[in-house]
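Working notes, beginning with the structure itself.
The values are calculated or read from the model by the stated rules, or taken from the named source; none is laboratory data. As the structure is a prediction and not an experimental result, all values here were calculated from the model. Positions of Cβ are generated from backbone atoms using ideal geometry, with glycine treated the same way; all protein chains shown enter the neighbour counts. Side chains included, ligands, DNA and RNA excluded: accessible areas come from the protein's heavy atoms. Shrake-Rupley method; radii C 1.70, N 1.55, O 1.52, S 1.80 Å.
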Amino acid sequence: MSVLRSRPVLRWLVPATAAVAVIGGGAAIGTFAAEAEPSLPPRTAAQLLVDLQTSRLEGLSGTVVQRADLGLPPLLGLAGGNDATTLLTGTHTLRVWYSGPERQRVALLDTLGERDVVRNGRDLWTWQSRSNTASHRTLGADAAEKRAPEAGTNLPATPQEAADLALGAINPSTEVSVGRSATVAGRDAYELVLQPRDRDSLVHQLRIAIDARQHVPLRFEVLAKGSDQPAFEVAFTQVDYRRPDADQFTFNPPPAVTVKEESAERSAAGKPEHAAPTGDPKVRAVGSGWTTVLVARVDGALGGKPADAKPAGDAPDVSKLLGGLPAVSGDWGSGRLLTGKLFSVLLTDDGRVLAGAVTPERLYQVARG
């Protein structure tokens with residue numbers, strides 16, 4: 001939470017992030033409509049970074065649309081349409097309310113019902129209308145703490161210095177520029193463009209539309225190489241900067257709802273001790289920046305010889321998933337390859353998983369060692 005408080009521009013992302021982490025599903029409503037390009041005074045990339053760092057968002061409500069077209073293979077349908085895979089395709093609509101770092105609400109809407117995440121102080125509620133079930137968790141006291149700046153650190157004295165340092169830090173790997181102005185949710189906006197310099201990256205550009213007056217991100221787009229259409233985008237289609245009423249953050253369980261209480265201890269620990277796997281994979285990062293590759297070892301679970309254990313309940317059959325992926329081999333070994341517009345995943349027969357927003361050739365290079 002201290003990160004969100006020290007960087008107010010990130011606060012609007014809290015509801016959307018919570019929704020992706022907790023709920024899934026959605027209803028396709030079409031792509032975002034293009035609007036006329038407004039005439040705005042010129043601003044540099046450094047000035048836009050200053051705008052982001054100095055923005056102060058006290059309240060917000062609105063409608064957010066998320067659209068993903070990652071080019072995933074049809075075989076992922078074998079995963080059973082769970083929350084994670086559902087959010088990787090199609091268009092999804094959310095209603096969001098924000099009233100400071102301790103009061104947030106998200107409602108993800110789909111054709112079969114609604115799924116909500118509500119935070120009010122230390123109370124965190126989730127609810128699904130289709131099953132009429134809810135869960136409640138009391139957050140730890142540290143969730144609301146504000147971390148004071150550490151003494152003795154060499155911090156920039158002005159926002160302009162901070163922006164200059166940020167540009168200098170990303171300059172070796174990223175080209176930063178100002179794109180065309182835009183109108184998003186009826187608001188005039190500047191566009192900040194980040195473009196990786198490394199050819200091994202599958203990302204062509206990141207585009208961030210910034211409210212010209214409130215300095216809040218209104219739209220975020222990721223374009224893959226070789227495409228002029230976003231592979232992923234999330235944007236406001238309607239926004240109101242007035243602080244929402246307190247009643248928006250009071251969760252009243254519907255009649256006959258089944259409520260599951262989750263302990264604060266579980267929240268602090270992350271996972272119950274008995275649920276921890278016996279052989280947690282060791283993950284390491286190879287490289288840096290846009291072409292970072294994550295490498296994990298999961299012996300006996302993946303690769304050419306899947307685990308013998310049968311999937312439980314609605315869990316996907318890993319052997320079928322792997323069998324539908326193309327087989328690849330080289331001087332690094334052999335395995336299966338999953339590719340999308342923005343990422344590649346290599347599952348080797350010797351029990352390794354390599355993943356990144358990079359070309360398959362980059363994965364083979366890392367697998368070779």
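Identify all residues within the range 225-238 that are more than 21 Å from T174 (Cβ to Cβ) and either within 15 Å of the chain's Cα centre (by Cα) or hydrophobic (A, V, I, L, M, F, W, C) (or both); write none if there are none.
Correct list: A235, F236.
Quick one: would you say R199 is part of a loop (DSSP other than H, G, I, E, B) and either at pLDDT 90 or above or in contact with a strand residue (DSSP E or B) (Cβ under 7 Å, 6 or more places away or on another chain) (or both)?
yes
Considering only the range 79-98, I want to know if a residue exists there that is modelled with pLDDT of 90 or more and open to solvent by 40 Å² or more (accessible area, probe 1.4 Å).
So far as the range 79-98 goes, yes, one or more of its residues are modelled with pLDDT of 90 or more and open to solvent by 40 Å² or more (accessible area, probe 1.4 Å).
Just to be sure I understand, how many residues within the range 207-224 are crowded, with 19+ Cβ neighbours inside 10 Å, within 20 Å of the chain's Cα centre (by Cα) and either of a type in the set (V, I, T) or closer than 23 Å to P38 by Cβ (or both)?
So the answer is 11.
Scan (1) of a type in the set (V, I, T); (2) surrounded by fewer than 16 Cβ atoms within 10 Å (Cβ to Cβ); (3) at pLDDT 90 or above for the single condition V257 breaks and write down its number.
Among (1) of a type in the set (V, I, T); (2) surrounded by fewer than 16 Cβ atoms within 10 Å (Cβ to Cβ); (3) at pLDDT 90 or above, V257 violates only (3).
Among all residue pairs at least 6 apart or on different chains, which show Cβ distances below 6 Å where the first residue, located in the range 222-236, is over 12 Å from A209 (Cα atoms) and at pLDDT 90 or above and the second is of a type outside the set (F, W, Y) and assigned to a loop (DSSP other than H, G, I, E, B)?
Listed pairs, sorted by first residue: A224/L202; A224/K341; A224/L342; K225/L202; A231/L70; A231/K341; A231/L342.
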